[in-house]
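Note sheet for the following structure.
The values are calculated or read from the model by the stated rules, or taken from the named source; none is laboratory data. This is a predicted model, so every value here is computed, not measured. Note: ideal-geometry Cβ built from the backbone for every residue, glycine included; neighbour counts use all protein chains shown. Quick note on the areas: whole protein, heavy atoms, side chains included, nothing else; ligands and nucleic acids left out. Shrake-Rupley method; radii C 1.70, N 1.55, O 1.52, S 1.80 Å.
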Amino acid sequence: MSVKIALFDAQEYDRASFDAIKENYDVECTYFDTHLTEATVSLCEGFDAICVFVNDKITSSIIDKLEKYGIRLLALRCAGYNNVDIEYAYGRLHIVRVPAYSPYAVAEHAIAMLLTSIRRIHKAYIRTRDFNFSLSGLTGFDLHGKTIGVIGTGKIGKCFIDICLGFGMKVLAFDKFPSDDPRITYTTLDEIWKNADIISLHCPLTDETMHLIDEESISKMKRGVIIVNTSRGALIDSEALLNAIKSRQVGGACLDVYEEESNLFFRDFSGHIIDDDILARLISMPNVIVSSHQAFLTNEALYNIADITLSNVTEFMASGICKNEICYKCSKFPNCTREQVNKCF
């Protein structure tokens with residue numbers, strides 16, 4: 001019997017990628033435009049597994065209802081899991097994720113945003129569309145020889161570092177669990193704040209990293225620093241960033257994520273007034289570039305997300321075990337002894 005999967009917050013590109021790959025798996029996919037919320041969780045009844053994305057908030061109340069409906073599996077079609085109450089889910093709901101779909105996609109988008117910002121490409125594009133070929137105000141700076149601080153050296157962080165080294169940049173890195181890669185020079189956060197011309201975030205959102213960049217850390221940075229974030233919005237205190245841009249302490253920001261994005265990103269609000277004053281003011285700044293959580297959005301990444309998600313679901317349904325399962329104990333690694341070969345519970 002086919003596994004019945006409900007996909008929430010399913011955009012056109014999600015449907016296309018899952019429809020293209022689902023024939024390789026014994027599954028039935030039902031797509032919902034809406035987020036999974038208290039108001040929509042009743043839609044989950046009758047399904048075997050639920051699939052959600054980054055802005056679906058899986059609270060204890062929703063977990064209780066999923067358990068009530070007999071659903072055992074929540075499949076995240078993303079790497080991060082800060083949107084799930086994994087401590088409460090332990091013993092109630094199994095959670096699987098896509099740990100790596102295309103680190104190149106995110107790393108390349110981070111560089112694209114950085115280059116667009118510092119070389120004023122977005123401004124030049126708008127000018128030339130109006131046949132304005134003046135170069136006034138478009139002066140940028142070389143990446144070669146600049147110091148970049150990379151926070152988080154997982155697969156995406158390492159891909160990003162590879163690109164930076166190719167530009168001839170000096171890389172300083174911080175990670176709670178440093179790798180043994182001889183190309184990476186690890187240091188403290190304070191040293192990064194002090195020395196980096198550019199800071200790029202590639203770490204997960206946890207209690208420790210929440211508002212990693214705030215008023216205090218910004219005050220330690222070089223005046224005119226450029227901040228890039230393609231990870232999770234709440235790594236940055238948005239109000240502190242806005243104030244630092246206004247005071248010229250921060251020289252520019254490239255944001256693919258925003259801490260209050262869940263009710264805004266992936267939707268068209270072009271005909272509406274945005275109530276979020278901080279986001280509206282950030283977007284209005286001439287040295288801020290915002291993209292709507294699109295760093296992952298490449299053909300390769302979408303294919304991998306769909307393939308790994310459906311593989312996770314069918315693997316779990318067949319054996320009760322999935323190598324990509326994440327739970328409360330797993331998150332406390334190295335205390336977890338499951339070693340991806342035993343059931344979490």
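Just the residues that are without any contact (Cβ under 8 Å) to a residue 24 or more places away in the chain and more than 21 Å from Lys329 (Cα to Cα), please, taken from region 53-110.
Lys68, Gly70
Based on what the data block shows, is Asn312 more than 26 Å from Tyr125 (Cα to Cα) and at pLDDT 90 or above? Don't jump to the end; show me each part of the working.
Working: more than 26 Å from Tyr125 (Cα to Cα): yes; at pLDDT 90 or above: yes.
Taking the combined requirement at face value, the residue satisfies it.
Residues checked against (1) touching a Pro at 6+ places or on another chain (Cβ under 6 Å); (2) open to solvent by 70 Å² or more (accessible area, probe 1.4 Å); (3) farther than 23 Å from Cys78 by Cα; (4) outside any loop (DSSP other than H, G, I, E, B):
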{"position": "Ala234", "(1), (2), (3), (4)": "no, no, no, yes"}
{"position": "Ala240", "(1), (2), (3), (4)": "no, no, yes, yes"}
{"position": "Ile245", "(1), (2), (3), (4)": "no, no, yes, yes"}
{"position": "Gly251", "(1), (2), (3), (4)": "no, no, yes, yes"}
{"position": "Glu260", "(1), (2), (3), (4)": "no, yes, no, no"}
{"position": "Phe266", "(1), (2), (3), (4)": "no, no, no, no"}
{"position": "Ile283", "(1), (2), (3), (4)": "no, yes, yes, yes"}
{"position": "Ile289", "(1), (2), (3), (4)": "no, no, yes, yes"}
{"position": "Ala295", "(1), (2), (3), (4)": "no, no, no, no"}
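Considering every residue within region 59-76, establish whether at least one is surrounded by 14 or more Cβ atoms within 10 Å (Cβ to Cβ), within 19 Å of the chain's Cα centre (by Cα) and modelled with pLDDT under 95.
Checked region 59-76: no residue is surrounded by 14 or more Cβ atoms within 10 Å (Cβ to Cβ), within 19 Å of the chain's Cα centre (by Cα) and modelled with pLDDT under 95.
(1) in contact with a helix residue (DSSP H, G or I) (Cβ under 8 Å, 6 or more places away or on another chain); (2) without any contact (Cβ under 8 Å) to a residue 40 or more places away in the chain: which one isn't true of Arg120, the others all being true?
Here Arg120 meets the rest and fails (1).
Examine region 311-318 for a residue that is surrounded by fewer than 19 Cβ atoms within 10 Å (Cβ to Cβ) and not in a helix (DSSP H, G or I), and state whether such a residue exists.
The answer is no, given that none of the residues of region 311-318 is surrounded by fewer than 19 Cβ atoms within 10 Å (Cβ to Cβ) and not in a helix (DSSP H, G or I).
Taking region 38-58, which residues are open to solvent by 50 Å² or more (accessible area, probe 1.4 Å) and not hydrophobic (A, V, I, L, M, F, W, C)?
Glu38, Ser42, Glu45, Gly46, Asp48, Lys57
Out of all the residues in region 17-37, which are among the small types (Gly, Ala, Ser) and either part of a loop (DSSP other than H, G, I, E, B) or open to solvent by less than 60 Å² (accessible area, probe 1.4 Å) (or both)?
If we filter region 17-37 for residues that are among the small types (Gly, Ala, Ser), which is where we start, we get 17, 20.
The answer is Ser17, and nothing else.
Any chance region 269-280 includes a residue that's out of contact with any helix residue (DSSP H, G or I) (no Cβ under 8 Å at 6 or more places or on another chain), within 20 Å of Asn55 (Cα to Cα), open to solvent by less than 50 Å² (accessible area, probe 1.4 Å) and touching a residue at least 60 places away in the same chain (Cβ under 8 Å)?
Scanning region 269-280, I find no residue that is out of contact with any helix residue (DSSP H, G or I) (no Cβ under 8 Å at 6 or more places or on another chain), within 20 Å of Asn55 (Cα to Cα), open to solvent by less than 50 Å² (accessible area, probe 1.4 Å) and touching a residue at least 60 places away in the same chain (Cβ under 8 Å), so the answer is no.
Working only within region 218-232, note down all residues that are in a helix (DSSP H, G or I) and open to solvent by less than 10 Å² (accessible area, probe 1.4 Å). Even if it seems obvious, please write down each step before you answer.
Keep residues of region 218-232 that are in a helix (DSSP H, G or I), which gives 218-219.
The answer is Ile218, and nothing else.
Residue-wise test of (1) within 17 Å of Ala301 (Cβ to Cβ); (2) of a type in the set (Ser, Thr, Tyr).
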residue: Ala10; (1), (2): yes, no
residue: Asp19; (1), (2): yes, no
residue: Asn24; (1), (2): no, no
residue: Phe32; (1), (2): no, no
residue: Thr40; (1), (2): no, yes
residue: Ala49; (1), (2): no, no
residue: Ser61; (1), (2): no, yes
residue: Ala75; (1), (2): yes, no
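Exactly one condition in (1) at pLDDT below 95; (2) buried (at least 20 other Cβ atoms within 10 Å of the Cβ) is false for Thr206; which is it?
Result: Thr206 passes all but (2).
Give just the number: which of (1) touching a Leu at 6+ places or on another chain (Cβ under 9 Å); (2) assigned to a loop (DSSP other than H, G, I, E, B); (3) aliphatic (A, V, I, L, M) does Met1 not satisfy?
(1) is the only condition that Met1 fails.
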